[in-house]
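Scroll down for the structure; my scribbles are underneath it.
The values are calculated or read from the model by the stated rules, or taken from the named source; none is laboratory data. Fair warning: this is a prediction, and the values are worked out from it, not measured in the lab. We place every Cβ from the backbone using ideal geometry, glycine too, and count neighbours over all the protein chains shown. Heavy atoms of the whole protein, side chains included, go into the accessibility calculation; ligands, DNA and RNA do not. Shrake-Rupley method; radii C 1.70, N 1.55, O 1.52, S 1.80 Å.
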Amino acid sequence: MTSPPQIDSLRAALPFWMTLLLVPLALIGATQGGWTVLLLPLFTWYFFTFLDAFLGLNLENADPQTDDDQLTWYRVITVIWAPLQFVLLFWMIWYVPGADHLSTLEKIGMFFGIGVITGTIGINYAHELMHQKSKVERWMGDLLLSMVLYSHFRSEHLQVHHRHVGTPRDAVTA
């Protein structure tokens, strides 16, 4: 079991903060084009897998008695991601279609990459935000889900899955 003092550090939360590396990769792909449009989906899918293989998996669970105050570094990254994703997504919608240096295939690749990060990172952070007490954080989770047209996840997850987990009434229980 991971003790609270080990959890309450930026070092412990650093793997989650590495998601911020995706923002400059998106900007590089959009502004440079060519092979750089592949960086976003490849990095999103394989970088963290590579880190797990290289550094090993952390198989310890956090102590459930850990105070919320000791999870600051984890909460801050989820809160930061929502406005970052919003700005990045809508900047891409504005910039990429008019970018003459990008071919049609590169433009498709850019939006594919944006779909990968908003679906991979955004939905995971939205899941964490929807479970928070703060209305602002729950709203940010809703915003993240709406950006990937997955707003119904909140009601399905909280109203069906949490109430009926492990029963035939829960469609997501394996």
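Just give me the residues in region 99-117 being in a helix (DSSP H, G or I) and either open to solvent by 80 Å² or more (accessible area, probe 1.4 Å) or touching a Phe, Trp or Tyr at 6+ places or on another chain (Cβ under 8 Å) (or both), in sequence order.
If we filter region 99-117 for residues that are in a helix (DSSP H, G or I), which is where we start, we get 104-117.
Correct list: Thr104, Leu105, Ile108, Phe112, Val116.
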| Name the pairs whose Cβ atoms lie under 9 Å apart, with the first residue in region 145-157 and closer than 23 Å to Thr173 by Cβ and of a type in the set (A, V, I, L, M), the second open to solvent by less than 50 Å² (accessible area, probe 1.4 Å) and at pLDDT below 80, and 6 or more positions between them or separate chains? | Leu145/Phe153
| task | Taking Val96 as meeting all but one of (1) crowded, with 16+ Cβ neighbours inside 10 Å; (2) of a type in the set (A, V, I, L, M); (3) not in a helix (DSSP H, G or I), write down the number of the exception. | result | (3)
| query | Residues in region 118-136 that are hydroxyl-bearing (Ser, Thr, Tyr), more than 14 Å from Thr19 (Cβ to Cβ) and part of a helix (DSSP H, G or I): how many? | reply | 0
| query | Taking region 152-174, which residues are of a type in the set (Ser, Thr, Tyr) and open to solvent by less than 60 Å² (accessible area, probe 1.4 Å)? | reply | Thr167, Thr173
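Mind listing whichever residues of region 139-150 are open to solvent by 60 Å² or more (accessible area, probe 1.4 Å) and either in a helix (DSSP H, G or I) or of a type in the set (Ser, Thr, Tyr) (or both)? Even if it seems obvious, please write down each step before you answer.
First pass over region 139-150, keeping only residues open to solvent by 60 Å² or more (accessible area, probe 1.4 Å): 139, 149-150.
Of everything in region 139-150, those that are open to solvent by 60 Å² or more (accessible area, probe 1.4 Å) and either in a helix (DSSP H, G or I) or of a type in the set (Ser, Thr, Tyr) (or both) turn out to be Trp139, Tyr150.
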| task | Could you tell me which of the residues Phe54, Phe47, Phe43 is touching a helix residue (DSSP H, G or I) at 6+ places or on another chain (Cβ under 6 Å) and assigned to a helix (DSSP H, G or I)? | result | Phe43
| field | Of residues in region 26-56 being touching a Ser or Thr at 6+ places or on another chain (Cβ under 8 Å) and in contact (Cβ under 8 Å) with a residue 12 or more places away in the chain, the one nearest to Ile80 (Cα to Cα) | value | Thr44
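Could we say that Thr72 is of a type outside the set (Asp, Glu), within 17 Å of Arg154 (Cα to Cα) and modelled with pLDDT under 95 here? Full working, then the answer.
Values: of a type outside the set (Asp, Glu): yes; within 17 Å of Arg154 (Cα to Cα): no; modelled with pLDDT under 95: yes.
So Thr72 does not fit the description; no.
Give me the residue from region 46-86 that is charged (D, E, K, R) and open to solvent by 70 Å² or more (accessible area, probe 1.4 Å) and, out of that set, farthest from Gly113 (Cα to Cα). First the steps, then the outcome.
As a first pass, look at region 46-86 and keep what is charged (D, E, K, R): 52, 60, 63, 67-69, 75.
Cutting the leftovers down to open to solvent by 70 Å² or more (accessible area, probe 1.4 Å) gives us 52, 60, 67-69, 75.
Numbers: Asp52: 22, Glu60: 32, Asp67: 36, Asp68: 33, Asp69: 34, Arg75: 25 Å.
Here the residue is Asp67.
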| query | Restricting the search to region 151-164, which residues are in a helix (DSSP H, G or I) and closer than 30 Å to Ile93 by Cβ? | reply | His152, Phe153, Arg154, Ser155, Glu156, His157, Leu158
